[in-house]
Amino acid sequence: MEQSLTPVAGASSVGALLDWARRRLASRSGSSGLDAEVLLGFALGRSRSSLIGFPELGVSAAETARFHRLVERRVDGVPVAYLTGRREFHSLALNVSPATLVPRPETELLVDKVLERLAPGVRSWVLDAGAGSGAVAVAIKYRRPDCQVVGVDRSGAALEIAAGNGARFGLDVHWVRSDWFAGIAGGRFQFVVSNPPYVRRDDPALTSPDLRHEPREALDGGAEGLDGLRAVIAGAPRVLAPRGTLVLEHGFDQAKAVRELLNECGFRVIETHQDTAGIDRVSIGELA
Ligand SMILES: C[S@@+](CC[C@H](N)C(=O)[O-])C[C@H]1O[C@@H](n2cnc3c(N)ncnc32)[C@H](O)[C@@H]1O
């Protein structure tokens, strides 16, 4: 066993490197085979399919060393998306950096719920509060270019990545650096959509290898995990147009608290939707 974890030295082959990396990553990642293929593809500038089809392909000593460094950083918990600088979201290949949360598959539900409510042919205004990499704002604008989409975040470094993602797809999204809605004019938006930080501050997951490389301000939701959700629910009525809709992502055990907060802040027709794992993930309210 020890033998198989020893790095392959010098020039090597695709098959030998993949075999080594799968074993090296097995204790760290539930997707060690996929991680190994994505990282080797990135190190060599090749597609995953070309690696799988040609295990005998030669790899230089310099490329082998580069791949070893990537695998060791992955063993240390660095997300694959930070190592490659890319993450697919809603079928769009987005740039990410350690300044942005890595967009999660379950957040696609947030986008879907906005898209299914956007009236066809109506030029709606949509605000993404806490845009991060811009994943939600960019996905909505990409599917509905006729809508006016604004993304806000408190992090200037995250907004730079978001703006780059909008530009990559030629999308005219307006990016604003703001503490939630402080820098936003009132009464304009038909939709506010948000995936705010919602992890409880004492949740051990925050310091686990899986999350500790991601920005604390993108995850930490305060003592009960509800600080960001409270701020967005309390602030959204001012920026929403009459009968505007707020679409929120939250934690698996926060739906009841979020629905109560929505009700207290004047929202009605309140619904909660489950993600593909059957977990309460998105709650929606309409201004009365
Ligand atoms: C969970 S991340 C979501 C990022 C992205 N929307 C996504 O779904 O991948 C939350 C984002 O909210 C931002 N944020 C936290 N507090 C904020 C505040 N007071 N005002 C504006 N943005 C804030 C963080 O910088 C982070 O980018």
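The values are calculated or read from the model by the stated rules, or taken from the named source; none is laboratory data. This one's a predicted model, so the numbers in the text were calculated from it and none came from an experiment. Here Cβ is always computed from backbone atoms with ideal geometry, including for glycine, and neighbour counts include all displayed protein chains. Each accessible area value is taken on the protein alone, full model and side chains, heavy atoms only, with ligands, DNA and RNA left out. Shrake-Rupley method; radii C 1.70, N 1.55, O 1.52, S 1.80 Å.
Before moving on, here are some points about what is shown:
- Neighbours by Cβ (under 6 Å, 6+ apart or cross-chain): first from region 120-141, among the hydroxyl-bearing types (Ser, Thr, Tyr); second modelled with pLDDT of 95 or more and in a strand (DSSP E or B): SER124/GLN190; SER133/LEU94
- Residue match in region 159-177 (condition: part of a helix (DSSP H, G or I), in contact with a Pro (Cβ under 8 Å, 6 or more places away or on another chain) and buried (at least 23 other Cβ atoms within 10 Å of the Cβ)): no
- Matching residues, region 178-203, being of a type in the set (Gly, Ala, Ser) and surrounded by 14 or more Cβ atoms within 10 Å (Cβ to Cβ): SER178, SER194
- Yes/no for ALA99 being hydrophobic (A, V, I, L, M, F, W, C), buried (at least 17 other Cβ atoms within 10 Å of the Cβ), more than 24 Å from GLN274 (Cβ to Cβ) and touching a Leu at 6+ places or on another chain (Cβ under 8 Å): no
- Within region 238-255, the residues that satisfy the criterion of being open to solvent by 40 Å² or more (accessible area, probe 1.4 Å) and not in a strand (DSSP E or B) are ARG238, PHE252, ASP253.
- Residue match in region 206-220 (condition: within 9 Å of the ligand (Cβ to nearest atom), of a type in the set (A, V, I, L, M, F, W, C) and at pLDDT 95 or above): yes
- Hey, SER13 over 30 Å from LYS141 (Cβ atoms), surrounded by fewer than 20 Cβ atoms within 10 Å (Cβ to Cβ) and polar (S, T, N, Q) or not: yes
- Hits in region 143-158 (condition: more than 12 Å from the ligand (Cβ to nearest atom), open to solvent by less than 40 Å² (accessible area, probe 1.4 Å) and either without any contact (Cβ under 8 Å) to a residue 12 or more places away in the chain or assigned to a loop (DSSP other than H, G, I, E, B) (or both)): ARG144, CYS147
- Residues that are surrounded by fewer than 24 Cβ atoms within 10 Å (Cβ to Cβ) and not in a loop (DSSP other than H, G, I, E, B) within region 117-140 comprise ARG117, TRP125, listed in sequence order.
- Residue within region 117-130 that is within 13 Å of the ligand (Cβ to nearest atom) and closer than 30 Å to ARG74 by Cβ present: yes
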